[in-house]
Amino acid sequence: MKYIGKEIVGLPTRQLVAGKGQYVSDVILDGMLHMAIVRSPYAHARIKSIDTKPAEAVPGVVYVITGKEVIENMRPIMEAYDTAAMDAKSVKCYALCPERVRYVGEAVAAVVAEDKYTARLAADLVEVDYEELPVVFDAEEAMKPGAPLVEPDWDSNVMVTRDFIRGDLDKAFAEADGTFSGTINTQRYTGAAIEPRGYVATYDPYQDMLTMWASTQNPHPMRVFLAETLGIPETSIRVIQPHVGGGFGLKIPTFQEEPLIAYLARKLARPIKWIEERQENLLVGGHARQNRLHYDVAYKKDGSVIGFRAKVIADVGAPAALCGWGQSFVTSYCIPTCYKIPNCRVQLFTVVTNKCPWNAYRGYGKEAASFLMDRVMDGVAKATGVDRAEVRLKNFIQPEEFPYSQVSGAMIDSGNYPKALNRVLEMVGYKDFPKLQADARKQGRCIGLGIGQELTPEGCSMPKSTLLSGYDGCTVRVNPSGQVTVLTGVTSPGSGNETGIAQIVADTLGVDVKLIRVIQGDTDTCPYGLGNYSSRSIIMGGAAAQVAGTDIREKMFKVAAKMLEVAPADIDSEDGKIYVKGAPSRYVLFKDVASTVYRDCYGKFASDVEPGLEATRYFRHPNVYHQPEVDGRFSSYPSWPNGVSACVVEVDPETGIVKLLRYCAVHDAGVLINPLLAQANLHGGIIQGLGGAMFENLVYDEAGQLKTASFLDYTIPTAVDCPSLEVEHQETRSPFNPLGCKGVGESGVTAPLGAICSAVENALGHLKLNFDEMPLTPDRVWQEIRHAQQQA
Amino acid sequence: MKTPVEVTVNKKKYKVEVDTRMILADMLREELRLTGTHIGCGTGNCGACTVVLNGETVKSCCIIAADANGQEITTIEGLSSSATELHPIQQAFVENQGLQCGYCTPGMVLSTLQLLKDNPNPTEDEIRHGISGNLCRCTGYQFIVQSIQDAAKRLSNGGQPGASQ
Ligand code: FES
Ligand code: FES
């Protein structure tokens, strides 16, 4: 029985479906207090004074804290993404803002009370006197000389820049058959997991032990961040990750509330709980994706792109300790994605504004790069009259050209882009579509087909980083009775990597997957590891599990070989039996070998192996380069899954309403450990991409107030908005990963952007629409249609 | 201020004193420790807090706990009799991987219960409308829809998987 490649239902599924999961809000402790946060109502203001007395006077209030106490007792929050290592500017952000707020919602004070209603009520009574300061909301305005500074200590609002160049741009543009330019605006949006953030902290002064239950993706890094920020030993902190109700990157530390609640629990020596409200989640739970992308294209008549310039201007909101700003870097790093463009320049300007800081969100900047290239390829098709698919096929990096180094130094491991595109065109019926479209048009219906390409590098590995340094650990323990405990450094926010890891260990040891129990998310029991980000849990955590499992397997084979009186090289294992190769009837039971190691360590079979059957091993990915002086390049993403989608939409020109009729996708992440869960991830990713393409938008007004701070205004897709998805997988192994696999977690989220834009334009081909502003809400589509009709 | 509330939840009678500001979802979770009812928004938009009140699904974040006095409620915990005996709807969700993080799931399962009570043989479109008050951010709804189709078959087949009659 082999488990890798098998569709197995996620291990925690039964428990969760019974309502018996334990999420952080389900942690209810005796004597537990509740925290509520006082947040800035201004986008930029100086705090003149804070009067906490009215709040303190409320019966049931236990404590009120402001930024003054925080700076006297805590360090600035440790950065999740090291700015110095990336030559980026930095700020000192505290658990509570001591003197100057830089976006609406920034935390300035907190109230701890006996119940959450009292805490909330009292928080509203804290009186903060502000002096408003000038604000800046648009990234390009913020770049102009004389613009108000988000950080007065900086010389400009530009946090970091990059400039990647390859080839001779001037020559390419001079030799081109044609050129065109454009600008794309992608909107600000976010992951909005259905479970908001939350923490419960409790402190035992006798053991000097702070225990923190956190809806987080990264327990061990969170412990480091807390230790550094609070100035206490890591060994005095235990972070436990209970079930997490979706993360999508947004539950990566370092938020203000984390060190704040930890500090208060230590100070008051009582358990404290804070569960984010949905409004807070949309206001401060991390934003992403707001980019302006300028581009110039030089092409030949046959559709090949010979020169390309891109300028990425990322509006990352106010600088913070969170790792979100790094997304802008990844956008610039990925361009021109899966295309081979000989002359290419990519410039990045990461700009701060008076809006909520970015945090990581599924896609992590890759989506913007792929979306840009989709718009470019469609633009070339329009300019040359060459078919959209043909243009892509003409410009792809070819399967035999891998590993392929892009202009940024990115080292793309493998792929077969033409095969995937051809397959998805077949699935959607590309050839026959024009007839279908013409027939529909006769009935007065406007249908269109669009193509979206995506390249989503995974397993981010950055130098000098606590969170992102790109390795992971795993302990495999075979117990005396033959069952297996696996402890991982990676975690699952609901994505199912625990199941994939169990499958990998089951195959490595040759045992039934039911014998394996996977434990994750506890800094006291699990090996040190970086948790869940960048779709890394199988590529890093799964590989570490395989390495640790192999250690145990070899040790058990040594013992079994003696028991069977053959050489270790002559045996194998499967279905709980360790047998002689070619003579499967000569075997010992896996559990008997385990028992022998534990119970007979001085006996004749096990005396020459070390007692115990436990191995902790770490895995570092071969396709990462951090030493340019040694290997001539810097490459931080080892694994390059890719995919392509083709969708069919119907547009109502009278209302601008776009209905998605079909959505086909071909996805390639190398070897799939569990195709069922990979498929599940794909579905979720595609629908999040659909939400981003069609509805989701975090809108600020001129005063910097978020106008979309509830699920009423910030609309995410419901079941009615989604078509039934048609997804297929293709397998191009990663030559660098021992399992041959690539990341899956962020697949699917990108292609809908390009595909839906392309399809809507195609549906109204006669109007020659060109969408350069997202999302495609009915309102925007309607306006574009009106605009085009007036022009005509 | 506290007020006494008497409710029957999952066929069991409870008598509690609750804060007059407390919502029903909090009472179920914090007073009765039935934490399978989740809170995702508190504003009636996500459906994670869905419970059955007097035979109809409601969003328990939008009901004041005190108003549940004398009423009969079923939560997700009331659906299965034990860890080994899941309700056919739950079993269908398990076997079709109709969830990932599981946070929306209790609400989704109870909305399915209502949907299939009202319409034992729904079309895909009717299923999608039936759960449109329940947001899920993980699954893209596809495996949820499949789970519900399977659940419908199971319910018309005495809880067993198999074709509907
Ligand atoms: S918590 Fe009640 S509907 Fe969202
Ligand atoms: S399974 Fe995560 S929200 Fe539905």
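The values are calculated or read from the model by the stated rules, or taken from the named source; none is laboratory data. Because the structure is predicted, anything quoted here is derived from the model rather than measured. A quick note on method: Cβ atoms are made from the backbone with ideal geometry, for glycine too, and the neighbour counts reach across all protein chains shown. Please note that ligands, DNA and RNA were not included when accessible areas were found on the heavy atoms of the full protein model with its side chains. Shrake-Rupley method; radii C 1.70, N 1.55, O 1.52, S 1.80 Å.
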ask   = Do you know which residues of segment B:39-60 lose at least 30 square angstrom of accessible area in the protein assembly compared with their chain on its own, with a 1.4 angstrom probe?
value = B:Gly40, B:Cys41, B:Asn45
inquiry  = Classify chain A from the C-alpha gyration tensor, please: rounded if a/c falls under 1.5, else prolate or oblate depending on whether a/b exceeds b/c.
reply    = oblate
ask   = In chain A, which helices (entire DSSP H runs) extend 15 Å or more along their own long axis, judged by Cα positions, while averaging at least -1.0 on the Kyte-Doolittle scale?
value = A:219-230, A:257-268, A:366-384, A:417-428, A:497-509, A:543-564, A:675-694, A:751-763
message = If you fit an axis through the alpha-carbon atoms of helix B:142-155 and take the longest principal axis of the Cα set of chain B, what angle between them do you get, 0 to 90°, nearest 10?
response = 90 degrees
message = From Cα pairs below 8 angstrom and at least 6 apart in sequence, can you work out the relative contact order of chain A, rounded to a whole percent?
response = 15 percent
ask   = Got a sec? Which residues of segment A:152-195 lose 50 Å² or more of accessible surface with every protein chain in place, vs. that chain alone, 1.4 Å probe?
value = A:Ile194
note = Under the rule rounded for a/c under 1.5, else prolate if a/b exceeds b/c, else oblate, using alpha carbon gyration tensor axes a ≥ b ≥ c, segment B:2-78 is classed as oblate
query = How many Å² of accessible area per residue for the protein assembly as shown, probe 1.4 Å?
reply = 35 Å²
request  = May I ask for the accessible area buried between chains A and B, both sides summed, probe 1.4 Å, to the nearest 100 Å²?
outcome  = 4300 Å²
inquiry  = Relative contact order of segment B:88-156, please, whole-number percent, based on alpha carbon pairs below 8 angstrom and at least 6 residues apart.
reply    = 56 percent
Highest-first arrangement of A:541-551, A:388-398, where packing means the average Cβ count within 10 Å = A:541-551, A:388-398
key: Ellipticity estimate at 222 nm from DSSP helix runs (n ≥ 4, -39,500 (n - 2.57)) divided over chain A, nearest 500   = -8500 deg cm²/dmol
request  = Determine the shielding of peptide A:25-35 by partner chains: average, over its residues, the number of Cβ atoms on other chains within 10 angstrom of each Cβ.
outcome  = 2
note = Those trypsin sites (Lys or Arg not before Pro) from segment A:580-637 that are DSSP loop and have at most 12 other Cβ neighbours within 10 Å turn out to be A:Lys581, A:Lys604
inquiry  = How many angstrom lie between the Cα centre of segment A:90-127 and the Cα centre of segment B:1-20?
reply    = 33 Å
task = Provide a list, ordered by number, of residues in segment B:100-135 showing at least 30 Å² less accessible area with every protein chain present than when their chain is taken on its own, using a 1.4 Å probe.
result = B:Gln100, B:Cys101, B:Tyr103, B:Arg128, B:Ser132, B:Leu135
request  = Would you pull out the residues with amide H under 5 Å of A:Gln730's amide H, same chain only if 5 or more places away, H placed 1.01 Å from N?
outcome  = A:His667, A:Asp668, A:Ala669
inquiry  = If you fit an axis through the alpha-carbon atoms of helix B:105-118 and take the longest principal axis of the Cα set of chain B, what angle between them do you get, 0 to 90°, nearest 10?
reply    = 70 degrees
inquiry  = Quick check: the distance between the Cα centres of segment A:720-792 and segment A:605-684, to the nearest angstrom?
reply    = 19 Å
message = Classify segment A:606-662 from the C-alpha gyration tensor, please: rounded if a/c falls under 1.5, else prolate or oblate depending on whether a/b exceeds b/c.
response = oblate
Share of carbon and sulfur in the accessible heavy-atom surface of the protein assembly as shown [1.4 Å probe, %] = 49 percent
message = What does the net charge come to around B:Phe93 if you take all other residues with beta carbon closer than 10 Å to its beta carbon, with K and R at +1 and D and E at -1?
response = -1
query = Can you run phi through the Karplus equation (6.51, -1.76, 1.60; θ = phi - 60°) for segment A:731-742 and list ³J(HN,Hα) in whole Hz, with x for Gly and Pro?
reply = 10, 10, 4, 7, x, 9, 9, x, 8, x, 9, 10
Rounded Å value of the spacing that divides the Cα centres of segment A:7-62 and segment A:526-560 = 35 Å
message = Need one number: % antiparallel among DSSP beta bridges in the protein assembly as shown, to the nearest 5.
response = 80 percent
key: DSSP-defined antiparallel bridges as percent of all bridges, segment A:85-241, nearest 5   = 60 percent
